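Okay, structure first, notes after.
The values are calculated or read from the model by the stated rules, or taken from the named source; none is laboratory data. This one's a predicted model, so the numbers in the text were calculated from it and none came from an experiment. Methodologically, a virtual Cβ is constructed for each residue, glycine included, from the backbone with ideal geometry; neighbour enumeration extends over all protein chains shown.
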Amino acid sequence: MLPRFHENEVFSACRTLFGPEVHLSLDFLGYLQPGGVKAAFREQAKQNHPDLFASHDPEIQHRQSELFRQVREAFDLMQAFIKHRDEEQGHCAHRAFHGARPQTWARPKRPTRRAAGGHFFRGAVPARRLEFGSYLYYRGLISYQSLIDALVWQRRQRPVLGDIARRWQWLSEGDILTICRDRGGYGRFGEKAVRLGLLGQAQVQTLLFFQRSRQQKIGRYFVEAGLLSELQIERLAAECHQHNSRVAGAAANERRRAATG
């Protein structure tokens, strides 16, 4: 009998491998390829493999071993999920979920073409706020594999939040260990630090701002990869901003109508 997967555990595995930047949806699971999963795992290994922390305190070594165990489990789960998904019907992700109802989810749109870079999206741009990389994908200008590669490339340049806080002497090694060991509920590093009273909300926002300032914009990847020109990136960035403004305006109008209706 083929295995079944719970939606929450699959999305959780995606967060572990790809981080919070990726918009998780059935489209994501439908077009995700083994190469994207392997690329994300390799990047996690470069940053978090326990061997890199052999000279650190034993507790830090234990923390990294536990973290990498979770990464490895997420990698294994996503490999199994994709294999099972492809053994079902094409890239119809919902069929791989335990207890899924066929009419609940729409089958992802078929790509217009295949290329060495992977699947391309066909259809209307979703009426929701989109990050620039996702906007390019939904415009059909880059493949899904290229989007994943770009996110991994961008994340590689970003310093770890805990390392920044330690350099600024906002957190000690012990504080970082406490945050990483916290199992009081799902949350990112900064959210856990605030919940535990080790950082203030303003401090976390400052750390996140500094972290983002240390990574290049994702459009640079597509220029360097020869997929789009700098002029195209500038024009498309303006179009993405206009798209998000329209979405925000429509949502505001809807709220006003609901309040007065």
- Tally of residues being in contact with a Pro (Cβ under 9 Å, 6 or more places away or on another chain) and within 25 Å of Phe11 (Cα to Cα) across segment 41-65: 2
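Report yes if Gln242 is over 22 Å from Tyr138 (Cβ atoms), loosely packed, with under 13 Cβ neighbours inside 10 Å, under 24 Å from the mean Cα position of the chain (by Cα) and without any contact (Cβ under 8 Å) to a residue 40 or more places away in the chain, otherwise no.
So Gln242 fails the test.
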- Query: Of these, Ala74, Ala93, Ala150, which one is aliphatic (A, V, I, L, M), modelled with pLDDT under 75 and out of contact with any Cys (no Cβ under 7 Å at 6 or more places or on another chain)?
  - Reply: Ala93
- Only listed residue being touching a residue at least 40 places away in the same chain (Cβ under 8 Å) and of a type in the set (Asp, Glu), chosen from Asp149, Asp182, Asp163, Asp175: Asp149
- Query: Looking at this structure, is Leu151 within 16 Å of Val223 (Cβ to Cβ), in contact with an Asp or Glu (Cβ under 9 Å, 6 or more places away or on another chain) and in a helix (DSSP H, G or I)?
  - Reply: yes
- Search result, residues across segment 51-88 that are outside any helix (DSSP H, G or I) and under 24 Å from Glu173 (Cβ atoms): Ala54, Ser55, His56, Asp57
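Being closer than 18 Å to Pro126 by Cβ, in a helix (DSSP H, G or I) and either among the hydrophobic types (A, V, I, L, M, F, W, C) or in contact (Cβ under 8 Å) with a residue 60 or more places away in the chain (or both): is that true of Leu236 here?
yes
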- Scan segment 180-216 residue by residue and report those that are assigned to a helix (DSSP H, G or I), modelled with pLDDT under 85 and within 23 Å of Arg156 (Cβ to Cβ). Cys180, Phe189, Gln211, Arg212, Ser213
- Item | Every pair of residues 6+ apart whose Cβ atoms lie under 7 Å, when the first sits in segment 65-89 and is among the acidic types (Asp, Glu) while the second is part of a helix (DSSP H, G or I) | Glu88/Arg95; Glu88/Ala96
- Message: If I ask for residues that are part of a loop (DSSP other than H, G, I, E, B), touching a helix residue (DSSP H, G or I) at 6+ places or on another chain (Cβ under 8 Å) and at pLDDT below 75, which ones from segment 110-136 would you list?
- Response: Pro111, Gly117
